[in-house]
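A short write-up of the structure that comes next.
The values are calculated or read from the model by the stated rules, or taken from the named source; none is laboratory data. None of the values given here were measured: they were computed from a predicted structure. All Cβ positions, glycine included, derive from the backbone under ideal geometry; neighbour counts span all protein chains shown.
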Amino acid sequence: MVKKVDHIGIAVQSIHDSLPFYTEKLGAKYLGEEIVSSQQVKVAFLDVGNTKFELLEPTSDKSPIAKFIEKRGEGIHHIALGVESIEKRIEEMKEKGIQMIDEAPRQGAGGNAIAFMHPKSTRGILFELCEKRGGIN
């Protein structure tokens with residue numbers, strides 16, 4: 001079902017201020033960034049070998065990422081699992097008793113299809129299903 005860990009989402013106040021740590025200190029390769037208006041975030045992707053880091057900067061005080069940072073501070077927000085046939089994966093999760101935040105896939109960064117599982121059903125971890133459909137990530 002899961003192909004790989006596609007990326008790890010990291011909430012940051014500022015991508016610009018955070019990038020030097022990831023690129024200069026850790027040696028991650030900057031892949032690019034984009035605004036995902038529907039999620040009220042700016043995202044930057046960094047290649048770290050077999051996976052990526054997705055830096056998430058809120059573009060609005062009402063963004064879920066802004067609320068996350070306000071409540072918990074900067075840090076790991078979610079783990080994205082690479083899948084195929086995301087619609088089928090969502091149904092499988094529901095059949096297995098996993099509560100989904102997204103009952104149907106929505107568009108994420110790079111035009112990819114995404115759907116989040118509720119942390120109440122995943123032992124406190126926010127998991128994202130991610131089906132590649134193009135883009136920088």
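Observations on the model:
- The set of residues from segment 76-100 being surrounded by 15 or more Cβ atoms within 10 Å (Cβ to Cβ) and within 14 Å of the chain's Cα centre (by Cα) comprises HIS77, HIS78, ILE79, ALA80, LEU81, GLY82, VAL83.
- Qualifying strands (runs of 3 or more DSSP E) (wholly inside segment 24-137; at least 3 residues being of a type in the set (A, V, I, L, M) and more than 18 Å from VAL12 (Cβ to Cβ)): 113-116
- Criterion: of a type in the set (Asp, Glu), modelled with pLDDT of 95 or more and either touching a Pro at 6+ places or on another chain (Cβ under 8 Å) or closer than 18 Å to PRO119 by Cβ (or both) - qualifying residue of GLU87, GLU34, GLU92, GLU57: GLU87
- Any pair with Cβ under 9 angstrom, 6 or more apart, that starts in segment 21-50 at a residue that is surrounded by fewer than 19 Cβ atoms within 10 Å (Cβ to Cβ) and among the acidic types (Asp, Glu) and ends at one that is at pLDDT 95 or above and not in a strand (DSSP E or B): GLU33/ILE15; ASP47/ALA28
- Residue under evaluation HIS16, criteria (1) surrounded by 20 or more Cβ atoms within 10 Å (Cβ to Cβ); (2) not in a strand (DSSP E or B), criterion not met: (1)
- Among all residues of segment 67-80, there is at least one that is within 26 Å of SER18 (Cα to Cα) and of a type in the set (Asp, Glu).
- Candidates ALA104, ALA66, filtered to the one that is surrounded by 14 or more Cβ atoms within 10 Å (Cβ to Cβ), of a type outside the set (Ser, Thr, Tyr) and in contact with a strand residue (DSSP E or B) (Cβ under 8 Å, 6 or more places away or on another chain): ALA66
- Residue in segment 112-120 that is under 24 Å from LEU19 (Cβ atoms), surrounded by 13 or more Cβ atoms within 10 Å (Cβ to Cβ) and touching a Leu at 6+ places or on another chain (Cβ under 9 Å) present: yes
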